[in-house]
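The values are calculated or read from the model by the stated rules, or taken from the named source; none is laboratory data. Computed from a predicted structure; not experimentally measured. We place every Cβ from the backbone using ideal geometry, glycine too, and count neighbours over all the protein chains shown.
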Amino acid sequence: MNDGTAPSSTATNAPASAPAIDLRGLGREFAGKWAVRGLDLQVRPGELYGFLGQNGAGKTTTLRMLAGLLRPSEGTLRIDGLDHGTHGRALKQRLGFVPDTPPLYDYLTGRQYVALVASLWHVPRADRDARSRDLFERLGLVEHADELCKAYSHGTRKKVHIAAVLTTAPRVLLLDEPTSGLDPLSTRRLKDLLLAESQRGTTILLSTHGLELAEQICHRVGILAGGRLAAEGTVAELRQRHGDRTLEDVFLAATDGLHDGAREGPHGGDARPGKDGDAP
């Protein structure tokens, strides 16, 4: 089991290649207000990238655009080099999305739900059975596998949905607040699982309020503020830019929670949007 420390230097330096996730000038407007505006973000193949931000910063909106559940108002979105607007169906076969509140079917058991998702993704039965057994074991779900989903806690529902998504072996995995509702042991198991998936080559983008989670497992982190990327880098790089302060201090400074001065850009400098770009 992983000891909870940050990824090794070998893992941290993800290979330099074409981005698995490539967002250019991405934006989403709701009733005249921009939830996300001018977002540029690249995630490398096999990278475990942490998406940080206050409530309302645009993290979930960005993930929903990546998952094909929201259409961008502006900009481009590519996954594995394929444009989301013209290859949406093909991209859905490569993606796995775990929302904060997973949509399980209450009158299926956890085992049945995982089997249903696998069948919809045309996973061969032998592969489905082998993967689901492994994932139920690693996520501590074996004793709950044959219970109805309606009886599950929020945390158990989330773990079952994670197992279902990973049974389809996605190339890109998107997770919205994956540790919310999980107890410490389940959180530890999930961290180990995500690190193992990244080492297998799965690209992972997760949003989280948990700064400790980002420090422990993410190769790089991006801090979103006002719908824009306010700071980005490895945890060590971000701390170094702020005089070796904690990641919490970096986060507060980047989101204007520490002082009223200019928010830094992704790689330093002022990143405050103009009045026409302020997001709610």
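Some observations on this one:
- Pick from the range 192-226, criterion among the polar types (S, T, N, Q) and over 11 Å from the mean Cα position of the chain (by Cα), ranking: farthest from Leu52 (Cα to Cα): Gln199
- Glu232 satisfies every condition listed in (1) within 24 Å of Gly25 (Cβ to Cβ); (2) part of a helix (DSSP H, G or I) except (2).
- Residues of the range 128-166 that are of a type in the set (S, T, N, Q) and either under 18 Å from Leu185 (Cβ atoms) or assigned by TED's automatic domain parsing to the domain that holds Cys218 (or both): Ser153, Thr156.
- Among (1) buried (at least 21 other Cβ atoms within 10 Å of the Cβ); (2) within 26 Å of Gly81 (Cβ to Cβ), the one test that Ala169 misses: (1)
- Residue in the range 162-176 that is closer than 23 Å to Glu47 by Cβ, among the hydroxyl-bearing types (Ser, Thr, Tyr) and touching a residue at least 24 places away in the same chain (Cβ under 8 Å) present: yes
- Looking only at the range 109-140, and only at residues there that are aliphatic (A, V, I, L, M) and crowded, with 17+ Cβ neighbours inside 10 Å, the one that is farthest from Arg157 (Cα to Cα): Val123
- Helices (runs of 4 or more DSSP H) completely within the range 110-199 that count 3 or more residues being of a type in the set (D, E, K, R): 125-138, 154-167, 184-199
- Residues located in the range 88-108, provided they are acidic (Asp, Glu) and surrounded by 13 or more Cβ atoms within 10 Å (Cβ to Cβ): Asp100
- Check on Gly155, touching a residue at least 24 places away in the same chain (Cβ under 8 Å) and surrounded by fewer than 20 Cβ atoms within 10 Å (Cβ to Cβ): yes
- From the list His242, His267, the lone residue that is more than 22 Å from the chain's Cα centre (by Cα) and at pLDDT below 90 is His242.
- When the residues of the range 180-206 are filtered to those that are crowded, with 22+ Cβ neighbours inside 10 Å and of a type outside the set (A, V, I, L, M, F, W, C), the one that is nearest to Leu23 (Cα to Cα) is Thr203.
- Test set (1) at pLDDT 90 or above; (2) more than 16 Å from the chain's Cα centre (by Cα) - Ala90 fails condition number: (1)
- Residue tally, condition over 26 Å from Lys33 (Cα atoms) and in a strand (DSSP E or B), over the range 205-220: 1
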